[in-house]
Amino acid sequence: MRSKLVAGNWKMNGIKASLVEVEAIAAACRSNSDVDVALFVPATLIADAVSVAGVMMIGGQDCHANDCGAHTGNIAAPMLVEAGARLVIVGHSERRADQGETDVEVKAKAEAARRHGLGVILCVGETLDERGKDQAEQVVSAQIARSLPDGADGEWLSIAYEPVWAIGTGRTPTETEVAAVHGAIRAQIGGLLGGDAAASLRILYGGSVNGANAASLLACADVDGALVGGASLTARDFVPIIEAAASQQQILP
Ligand code: PGA
């Protein structure tokens, strides 16, 4: 059975003073050890966060497809590994929008991460316009078809379904809509990679997850965790989400 993964994405937030929050979140992980927790901090904080993270995994928010080279301002997978990261997010919609990242680039980034032993969270999701045209499943399916890394399997890859219109807006899809997209993703993975991969791959929901809605979102069919932005910045907001996941973990068969 898949255990839940609760991931916090700090985006461009966090300086050394924020390490007290990392420590407080790490303390909550010790008492909720059935749940996997990962925190994606800015690259400048990875090494310091690792030193206080305990069992919690620390990750990077992006990596380049190349291992080194003339790419000013970018970060490569071996650099993340050296800093102590165990995972990386690729294809977040903010990078797709701000940096113009394509599915082909996202695939190459995921493969670079894997070459260096990093776990990967691959983000997909439709815009409001696409949701309005009832194209969510179609858009997500096309993103996965183009960006699924070669050799993917559920041991190191997770997929995060993050509707662009739900990120940072306080809006979420209905539980029925979440379950429909997650079910479609799992069926697609089954078709592309086979039943074992589909059974082991975790599919996270992301977009305005908070302490009040986490339990119902995490209870949806085929939801194996959450990718949380704003509500992951403080222990006060993030720990209730970890606890919501833990209480569901305990009722698994
Ligand atoms: P949010 O962000 O929780 O602030 O909506 C989620 C994300 O972008 O991963």
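Summary of computed values
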| read-out | value |
| --- | --- |
| Mean separation of Cα contacts under 8 Å, 6 or more apart, over the residue count of the chain: relative contact order % | 22 percent |
| DSSP bridge pairs, the chain: antiparallel proportion in percent, nearest 5 | 0 percent |
| From phi via Karplus (6.51, -1.76, 1.60), per-residue ³J(HN,Hα) for segment 61-70 in Hz, x at Gly/Pro | 9, 5, 8, 6, 6, 9, 7, 6, x, 8 |
| Point-charge dipole on Cβ atoms (K/R +1, D/E -1) for the chain, about Cα centre, debye to 20 | 260 debye |
| Other-chain or far-sequence residues with amide H under 5 Å of Val209's (modelled H) | Gly229 |
| Rg(Cα) / (2.2 N^0.38 Å) computed for segment 110-253, rounded to two decimals | 1.02 |
| Positive minus negative residues near Lys11 (Lys, Arg vs Asp, Glu; Cβ under 12 Å) | -2 |
| Formal net charge of residues neighbouring Asp224 (Cβ-Cβ distance under 12 Å; K, R +1; D, E -1) | +2 |
| Cα-Cα pairs of the chain separated by more than 28 Å (percent) | 26 percent |
| Centroid-to-centroid separation of segment 1-47 and segment 74-88 [C-alpha atoms, Å] | 16 Å |
| For Leu201, residues with placed amide H under 5 Å, excluding near neighbours | Gly154 |
| Probe 1.4 Å, accessible area per residue of the chain, Å² | 43 Å² |
| Carbon/sulfur fraction of accessible area - the chain, other protein chains in place, 1.4 Å, % | 52 percent |
| Sequence ranges 126-137, 200-211, 68-79, ranked by mean other-Cβ count within 10 angstrom, highest first | 200-211, 126-137, 68-79 |
| The chain: DSSP helices with Cα axial extent of at least 15 Å and average Kyte-Doolittle hydropathy no lower than 0.0 | 19-31, 136-147, 175-193, 235-249 |
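The values are calculated or read from the model by the stated rules, or taken from the named source; none is laboratory data. Because the structure is predicted, anything quoted here is derived from the model rather than measured. No Cβ is skipped: glycine too gets one built from the backbone with ideal geometry, and neighbour counts run over all protein chains shown. Surface areas here come from the heavy atoms of the whole protein model, side chains and all, with no ligands, DNA or RNA. Shrake-Rupley method; radii C 1.70, N 1.55, O 1.52, S 1.80 Å.
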